[in-house]
Amino acid sequence: MSTAPAPIRAKQRPGDRVFSRSAVFAGSMILVTLAAVATFLIVQSVPALFATGETASILDTNFWAYVGPLVFGTIWAAALALLLALPVSIGIALFISHYAPRRLASVLGYIVDLLAAVPSVVFGLWGIGVLAPAVQPLYTWLVDNLGWFPLFSGPVSGTGRTILTAAVVLAVMIIPIITAISREVFLQTPVLHEEAALALGATRWEMIRTAVLPFGRPGIISAAVLGLGRALGETMAVAMVLSATGAVTFQLLTSVNPSTIAANIALSFPEAYGINVNVLIATGLILFIVTFAVNALARWIVARRSEFSGAN
Amino acid sequence: MTTTLTPPEPRVATPVSNSLTAGKLPNGAPWMILAASLLVSAGLFGVIALSGAEFNWVGTLVVAALIYVVVITVLSRIVEGSRRSTDRFVTSLVTGAFLLAMIPLVSLTITVVTFGLARFDPEFFTYSMRSVTGEGGGALHAIVGTLLMTGTAALISIPIGLMTSIYLVEYGRGRLARGITFLVDVMTGIPSIVAGLFAYALFAIFWGPGTRTGIAGAVALAVLMIPVVVRSSEEMLRLVPNELREAAYALGVPKWLTIVKVVLPTSIAGITTGIMLSIARVIGETAPLLIAAGFTNSMNYDMTEGRMQSLPVFVYTQYANQGTPASAYLDRAWAAALTLILIVMALNLIARLVARFFAPKFGR
């Protein structure tokens, strides 16, 4: 009976110590940065919560009445963008992963990725210079012929710079994100499942419906939520394209449009002073909380589904 | 229950020559239908154009696409049955989705190039906007500002991001590693304008409210860049086979030397690609720089003093504060947009080339 030998400890060299400590230090910097972001935003936001129309010139009554319409506009624009982008993105992802010739697939994927590389300010310039004038006749037609539908009720905007145009620009910006993730997920579908479906006589669409889409569903959902998160925080494209009045309305085609938090900050911040700065920072904090919640939802979906998926 | 055996009805001999191709549209059918629907649609709009209106290209294509989808679905339903018809319908939808996404890309490229070339001249790259009203002037101050701020952001975020990913892959165990992974995820989701607000609030403490400096812009960009660098480098480091590390340990190589001499060289191509893509991502950021670094018409080389212009903010301010003649301001905005896109595309292209040509060769 002898006691187990003490485990041999690895020799600690100075190089090892320096290296591992600097790695830990860098990792903790992330912690510090995020803590700093949260602290500074909260500290700067506190005065805004007690501000009134007398102390801060951009407020009418109080902070919550100011931020309410902005939150509505942010969520409404992002939801519209997601509604437009999701079907198209799934279509593109399927096209690249299962329809396009193999040789072309990677090139086509790269072309779609190029859309993601375009800076948002360029999208804004394009939206206002090309897209808005191009869709304005369509809006007029919609209001004239489908005006009975509440979303399309008039009077039509003369410039085309409505919430729908902003949502289309946002959709174009999030399509590459949703496409890239869904494409990766579709490509991971077990080939045996696909071949089994085809061997049973399924057409290509039936194979996709029975093998690819069920496998990819959690991936699609998390891609959609990530896209939503991006659309919520997108600033310049909305700030430039949308001619906002700050109203709370669901109408898509009129010149009375809600603004979004991010766009409002970008437009108001350069001229802001005093408590107004704190008010804008507080709206930024609310945007941060909303996007954080959305991203947490995406992570939760991925984590919940990954235990059951065939991917591991 | 009785079963009566009815003799099968004598089958009418159909004049089908080859049973394998029976009940199937010929191979070229979709293309022929596409051409036919284009012709019909063009004819339709041609007749409308005869009455004096302009020929409507967009309408022609949209109507042609609609005709094609309807015709091929119906035709396939008659000849091939409902299942194949659904398949053809979905195929055209999916292809249509891809083509639909190409419209903004093509339109954007054409617009930026045609409008951007008007002022894409030497003066644009050698002059600032100091005391320029109306025509002339350039974006040199914005280009310098973009390079300075993006460079500083890269200097801050590459060491932190790379070391963090090394920590997560090589050292990280337990709660701290899980926490950092989670926080990097959170950081990825920070809206860019919130990063700008953070940098503004941070530097307002040191230099008083209302100060906007280049270094604040760089910090804002670094906040956006770090998580991207961590994510991509982490992915690349995880791809390095464990056998390489074990072989190094077996030879008595210390851990830090293993990382520096074995792990990093193996994955350096992927890491470089990730870093370049992250630079390409932040170089086009407008909102945080507008908030943290402000805008100016003058050259500014000093990161710690005074406002600093950058290319994306230049595009925005030229558009937003149009003077007379407005076309001069818009032309400058488009030229800057073209410059910006060229820089981003070049970074993307170089990144892909690095990934392709310097990737480690695992084949034997």
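Only one of the numbered conditions (1) in a helix (DSSP H, G or I); (2) over 17 Å from the mean Cα position of the chain (by Cα) is not met by A:ARG161, and that is (1). Can you confirm whether the stretch B:334-341 contains a residue that is touching a Ser or Thr at 6+ places or on another chain (Cβ under 6 Å), at negative phi and assigned by TED's automatic domain parsing to the domain that holds B:GLY151? No, the stretch B:334-341 contains no residue that is touching a Ser or Thr at 6+ places or on another chain (Cβ under 6 Å), at negative phi and assigned by TED's automatic domain parsing to the domain that holds B:GLY151. Taking the listed residues B:ARG212, B:ARG178, the one that is within 15 Å of B:GLU234 (Cβ to Cβ), among the basic types (Lys, Arg) and more than 7 Å from chain A (Cβ to nearest Cβ) is B:ARG178, with no other qualifying. State yes or no: is A:ALA100 in contact with a Lys or Arg (Cβ under 7 Å, 6 or more places away or on another chain) and either buried (at least 22 other Cβ atoms within 10 Å of the Cβ) or within 9 Å of chain B (Cβ to nearest Cβ) (or both)? Against the criterion (in contact with a Lys or Arg (Cβ under 7 Å, 6 or more places away or on another chain) and either buried (at least 22 other Cβ atoms within 10 Å of the Cβ) or within 9 Å of chain B (Cβ to nearest Cβ) (or both)), A:ALA100 does not qualify.
If you go through the stretch B:150-159 and keep only what is buried (at least 21 other Cβ atoms within 10 Å of the Cβ) and either of a type outside the set (Val, Ile, Thr) or within 11 Å of chain A (Cβ to nearest Cβ) (or both), you end up with B:ALA153, B:ALA154, B:SER157.
Give the stretch A:175-207 a look and list any residue that's away from chain B (no Cβ under 12 Å) and not in a helix (DSSP H, G or I), or say none. The answer is A:GLN188, A:THR189, A:PRO190, A:LEU200. Within the stretch B:258-278, restricting attention to residues that are touching a Leu at 6+ places or on another chain (Cβ under 6 Å) and not polar (S, T, N, Q), the residue that is farthest from the other protein chains (Cβ to nearest Cβ) is B:VAL262. Checked against the criterion of being in contact (Cβ under 8 Å) with a residue 60 or more places away in the chain, within 13 Å of chain B (Cβ to nearest Cβ) and either within 21 Å of B:SER192 (Cα to Cα) or out of contact with any Gly (no Cβ under 7 Å at 6 or more places or on another chain) (or both), the stretch A:134-141 contains not a single residue that satisfies it. A single entry from B:THR286, B:THR324 fulfils the requirement of being surrounded by fewer than 23 Cβ atoms within 10 Å (Cβ to Cβ), in the same structural domain as B:LEU148 (by TED's automatic domain parsing) and either hydroxyl-bearing (Ser, Thr, Tyr) or in contact with a Gly (Cβ under 6 Å, 6 or more places away or on another chain) (or both): B:THR324. For the stretch B:181-209, a residue qualifies if it is in a helix (DSSP H, G or I), of a type in the set (Gly, Ala, Ser) and facing chain A (nearest Cβ under 7 Å), and the qualifying residues are B:SER192, B:ALA201.
Taken as a whole, the condition of being within 8 Å of chain B (Cβ to nearest Cβ) and closer than 23 Å to A:VAL191 by Cβ does not apply to A:PHE123. Could we say that A:ASP16 is surrounded by fewer than 18 Cβ atoms within 10 Å (Cβ to Cβ) and touching a Lys or Arg at 6+ places or on another chain (Cβ under 6 Å) here? Against the criterion (surrounded by fewer than 18 Cβ atoms within 10 Å (Cβ to Cβ) and touching a Lys or Arg at 6+ places or on another chain (Cβ under 6 Å)), A:ASP16 qualifies. Residues that are assigned by TED's automatic domain parsing to the domain that holds B:VAL219 and not in a helix (DSSP H, G or I) do occur in the stretch B:156-173, at least one of them. Considering (1) assigned to a loop (DSSP other than H, G, I, E, B); (2) basic (Lys, Arg); (3) at pLDDT 85 or above, the lone condition that B:ARG130 does not fulfil carries the number (3). Residues that are of a type in the set (A, V, I, L, M) and farther than 16 Å from A:PRO258 by Cβ were ranked within the stretch A:218-236; the one that is farthest from the other protein chains (Cβ to nearest Cβ) is A:ILE221.
Any residue that is crowded, with 19+ Cβ neighbours inside 10 Å, among the aliphatic types (A, V, I, L, M) and closer than 23 Å to B:MET187 by Cβ - is there at least one of those in the stretch A:245-257? Scanning the stretch A:245-257 turns up no residue that is crowded, with 19+ Cβ neighbours inside 10 Å, among the aliphatic types (A, V, I, L, M) and closer than 23 Å to B:MET187 by Cβ. Only one of B:LEU221, B:LEU147 is part of a helix (DSSP H, G or I) and more than 14 Å from every other protein chain (Cβ to nearest Cβ); which? Answer to the check: B:LEU147. Within the stretch B:264-283, can you find the residues that are surrounded by fewer than 20 Cβ atoms within 10 Å (Cβ to Cβ) and under 16 Å from B:THR164 (Cα atoms)? Of everything in the stretch B:264-283, those that are surrounded by fewer than 20 Cβ atoms within 10 Å (Cβ to Cβ) and under 16 Å from B:THR164 (Cα atoms) turn out to be B:LEU264, B:ILE268, B:THR272. Could you go through the stretch A:292-310 and let me know if any residue there is within 18 Å of the chain's Cα centre (by Cα), in contact (Cβ under 8 Å) with a residue 24 or more places away in the chain and over 16 Å from B:VAL186 (Cα atoms). There is no residue in the stretch A:292-310 that is within 18 Å of the chain's Cα centre (by Cα), in contact (Cβ under 8 Å) with a residue 24 or more places away in the chain and over 16 Å from B:VAL186 (Cα atoms).
Only one entry of B:GLY96, B:GLY138 meets the criterion of being more than 14 Å from every other protein chain (Cβ to nearest Cβ) and touching a helix residue (DSSP H, G or I) at 6+ places or on another chain (Cβ under 9 Å), and that entry is B:GLY138. Does B:VAL71 count as in contact with a helix residue (DSSP H, G or I) (Cβ under 8 Å, 6 or more places away or on another chain) and within 14 Å of chain A (Cβ to nearest Cβ)? In short, no.
Residue count for the stretch B:245-260 under the criterion of being surrounded by 13 or more Cβ atoms within 10 Å (Cβ to Cβ) and closer than 17 Å to B:TYR171 by Cβ: the result is 11.
Among the conditions (1) away from chain A (no Cβ under 11 Å); (2) over 29 Å from B:TYR200 (Cβ atoms); (3) in contact (Cβ under 8 Å) with a residue 24 or more places away in the chain, B:SER327 misses just one, which is (3). In this structure, is B:GLY81 in contact with a Pro (Cβ under 8 Å, 6 or more places away or on another chain) and loosely packed, with under 15 Cβ neighbours inside 10 Å? Here the answer is no, as B:GLY81 does not meet what is asked.
Residues that are surrounded by fewer than 16 Cβ atoms within 10 Å (Cβ to Cβ) and among the small types (Gly, Ala, Ser) within the stretch B:297-319 comprise just one, B:SER298.
The values are calculated or read from the model by the stated rules, or taken from the named source; none is laboratory data. Quantities reported herein were computed from a predicted structural model and do not represent experimental measurements. Positions of Cβ are backbone-derived with ideal geometry, glycine not excepted, and every protein chain shown enters the neighbour counts.
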